[in-house]
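Notes to accompany the following structure.
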Amino acid sequence: MADHFPTGLDRDAILELYRALCLTRAAEERLEFLQKQGHVTGGVYRSLGQEAGAVGAAFALERRTDGTGDFLAPTVRAAGALFLFGGDVLDFFRQYLARATAPSKGREANAKISDYQKGFVAPVSPLGTMLEVMAGITLSFKLRGEDRVGMVFYGDGASSTGAWHEGLNFAAVQRCPLILMVEANQWAFSTPTVKNTRLESFTEKAPGYGIGAESVDGTDVIAVFEAVSRAAAHARAGKGTQMVELRYFRRLGHAQHDAHEYVDPALTAEWEARDPIALFHARILERGWAPEEELQTIQQEVDEQCRVAAERALSEPVPQGPDAVGDIYTDVLMPHPWTRADVPDLRNACDD
């Protein structure tokens, strides 16, 4: 007989969590192959070892497709959350392959996709600024009296930016129903966390802003789900912005072009033994929640799903000529701003 399921989960939910974890890794592994084959023009940022953070967090939110659900601002390392919120795997590959059929029509070779009906907004490159954006979005939920929360993901390095501080301070003061996911993966590019902050845990910053906080093992997808469920309940109850720290390790470099040579191989091996998918797989079998054959079937299905999606994206065209710059430039003349004494002569802007 199977052990009792964790609160808020049943057998179907357990298998959906497992599928989301496997889909995240399968999509990123396929993407890495495509990059090595020369098909990806931009960077590839894998979440190896961090999949449980994005999946467990997103699973705890209200996901809808009619524009009335919770709202998510993922990072390029939170593909699992994007998929759970209805992000299409085919569009994921189209984006990275810069296809004309991609949501950005080939103008952005990354998983920066927005769909306001499904409830996710694309991250922007300047670190820290999405916290400000989500503070505004969740303030609108509060002002309209909507039972909705927002979630924004951030790496630990971004917590040292001015925008991060300003956004969090605003969200805290306004008691925005916002959940801040701090991915404490121990690296900011090639800078270790110990050179980024003197604190043992990022939750120690929370009292300075007057917000609630909890630190959780980011390799345990159920622990993440439970922690975020608590944070979401607090936010919905009017207790304001909450922080959840995910403790884990970035097992690859900042991106695929980063050889990760600055990391002790023994430390990487130590965290490989705490692989979130392997841990969850073993837990499912140990608790009797599903048989091995069913888990193997799920893995095979997501592998095939990613293969088919990648091959279809590869077969689709890249944007051509004028189409590549459509919706970027405008021929509309803007009025002379009062902040400038003279109208700039752009013809001489590059003359030196």
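The values are calculated or read from the model by the stated rules, or taken from the named source; none is laboratory data. Computed from a prediction, not measured in an experiment: that's the story for all the values here. Here the Cβ positions follow ideal geometry from the backbone for every residue, glycine too, while neighbour counts run over all protein chains shown.
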Per-region count, region 8-19, residues of a type outside the set (Asp, Glu) and farther than 16 Å from Ala282 by Cα = 3
Taking region 174-225 and the residues there that are among the polar types (S, T, N, Q) and more than 22 Å from His260 (Cα to Cα), the one that is farthest from the chain's Cα centre (by Cα) would be Gln174
Could you tell me whether any residue of region 250-271 is modelled with pLDDT under 95, aromatic (Phe, Trp, Tyr) and outside any helix (DSSP H, G or I)?
-> yes
For region 232-249, enumerate the residues that are outside any loop (DSSP other than H, G, I, E, B), small (Gly, Ala, Ser) and touching a residue at least 24 places away in the same chain (Cβ under 8 Å).
-> Ala232, Ala235
Failed condition for Thr24, given (1) touching a residue at least 60 places away in the same chain (Cβ under 8 Å); (2) under 21 Å from Arg274 (Cα atoms); (3) of a type in the set (Val, Ile, Thr) | (1)
Looking at (1) in contact with a Cys (Cβ under 8 Å, 6 or more places away or on another chain); (2) buried (at least 22 other Cβ atoms within 10 Å of the Cβ), which is the only condition Met181 fails?
-> (1)
Spot the failing condition for Gln35; the list is (1) assigned to a helix (DSSP H, G or I); (2) within 17 Å of Glu108 (Cα to Cα); (3) in contact with a strand residue (DSSP E or B) (Cβ under 7 Å, 6 or more places away or on another chain); (4) in contact (Cβ under 8 Å) with a residue 40 or more places away in the chain, and only one is missed.
-> (3)
Go through the residues of region 28-46 one by one and say whether even a single one is closer than 25 Å to Arg287 by Cβ and either hydroxyl-bearing (Ser, Thr, Tyr) or touching a helix residue (DSSP H, G or I) at 6+ places or on another chain (Cβ under 6 Å) (or both).
-> no
Say we look at region 190-219 and pick out the residues that are touching a strand residue (DSSP E or B) at 6+ places or on another chain (Cβ under 9 Å) and surrounded by fewer than 16 Cβ atoms within 10 Å (Cβ to Cβ); which of these is nearest to Arg274 (Cα to Cα)?
-> Ser201
Considering only helices (runs of 4 or more DSSP H) wholly within region 55-172, the ones with at least 2 residues that are among the hydroxyl-bearing types (Ser, Thr, Tyr) and under 18 Å from the mean Cα position of the chain (by Cα) are 129-143
Of (1) of a type in the set (A, V, I, L, M); (2) in contact (Cβ under 8 Å) with a residue 60 or more places away in the chain; (3) in contact with a strand residue (DSSP E or B) (Cβ under 7 Å, 6 or more places away or on another chain); (4) closer than 18 Å to Ala60 by Cβ, Ile222 satisfies every one except (3)
Within region 176-196, can one find any residue that is acidic (Asp, Glu), part of a helix (DSSP H, G or I) and in contact (Cβ under 8 Å) with a residue 12 or more places away in the chain?
-> no
Of the residues Arg30, Arg25, which is touching an Asp or Glu at 6+ places or on another chain (Cβ under 7 Å) and among the basic types (Lys, Arg)?
-> Arg25
Any idea which of Leu314, Leu333 is without any contact (Cβ under 8 Å) to a residue 24 or more places away in the chain and of a type outside the set (Val, Ile, Thr)?
-> Leu333
Does Leu285 satisfy the condition of being under 28 Å from Leu15 (Cβ atoms), over 21 Å from the mean Cα position of the chain (by Cα), in a helix (DSSP H, G or I) and not small (Gly, Ala, Ser)?
-> yes
